[in-house]
């Protein structure tokens, strides 16, 4: 996950596809695995969508209705029934259903009494993503009516980007509590904290594999946290290995339900003067390094934050396509064609 799904793609062209329901143009079909791309949100900017365990609902963040910051929303998988389930205060990010789908967790700054102006976020010149690691973010649990039931993580500094193991036993999240942005795991009640990464640079956006045995994440091994590639490790932090390579930025990985393939977004194929052009790719995490990923989208703009439905038949993602303004970010869903 990432702190804002509001994409200000200053270096990309205006959306090329119009209409609520679209299929990729013929020129993009060669390596495509997506069909019937449908727009789910039209209000404001939205992103970071995640399915409930039964695939019936999607939780996401959105900045709409004149709000200063993102808030958390839930909708049905067809886009109906959209409603806010966060407090409406502060800035929020990184929501995710807990086991049973009756509660969810998310990161929020609403406990801060004096909210400062929102820092610049989005894709700046050069196509690199910029976001703020706000040290007021803590992780909370809430019910589906938005009532907070627990402050799950409370520590000085940034705590966010939490997701839950399909086993229903562990949470993985990102924190700078030890001075660097690292990945940690913990029990569902916040106990049993374990640090999983210790390499120099940012590590975050982690997801457990369907069987809970491995974790994929994005990481940067330089002082520039935006120079991201995708990594995999065992759930205990051992066996770290880089999956993606090349120039540009690759991030927002998530698993296919088969536990073998992952989907992610990257600008690795974009020209140097259009690095805000991100597309979706599919790759086998155990494939030989020389095997290229499958390109799922070929849109001249931003496609990112892809997540499969629990049955693997649908893919939900965020995109600039079909916006009221060139850089409006909305949530889309598509059929994943094997």
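The values are calculated or read from the model by the stated rules, or taken from the named source; none is laboratory data. Just so it is clear, the structure is predicted and the values come from calculations on it, not from any experiment. Neighbour counts are summed over all protein chains in view; Cβ atoms, including those assigned to glycine, are modelled from backbone coordinates with ideal geometry.
Listed by position, the strands (runs of 3 or more DSSP E) contained in segment 244-292 that have at least 1 residues being in contact with a helix residue (DSSP H, G or I) (Cβ under 9 Å, 6 or more places away or on another chain) and touching a residue at least 24 places away in the same chain (Cβ under 8 Å) form an empty set. In segment 268-277 there is at least one residue that is crowded, with 22+ Cβ neighbours inside 10 Å, closer than 22 Å to residue 41 by Cβ and in contact with a strand residue (DSSP E or B) (Cβ under 9 Å, 6 or more places away or on another chain).
With respect to the stated conditions, residue 116 is farther than 24 Å from residue 219 by Cβ, part of a loop (DSSP other than H, G, I, E, B) and modelled with pLDDT under 95. Among the residues of segment 321-335, those that are more than 15 Å from the chain's Cα centre (by Cα) and modelled with pLDDT under 95 comprise 321, 322, 323, 324, 325, 326, 327, 328. Taking segment 143-163 as the range and being in contact (Cβ under 8 Å) with a residue 60 or more places away in the chain and more than 20 Å from the chain's Cα centre (by Cα) as the test, the residues that pass are 144, 145, 146, 148.
Within segment 208-220, residues that are modelled with pLDDT under 95 sit with their Cβ atoms under 6 Å from residues that are part of a loop (DSSP other than H, G, I, E, B), at 6+ positions apart or across chains, in these pairs: 220/201; 220/202; 220/227; 220/228.
All conditions in (1) surrounded by 23 or more Cβ atoms within 10 Å (Cβ to Cβ); (2) assigned to a loop (DSSP other than H, G, I, E, B) hold for residue 66, with the sole exception of (1).
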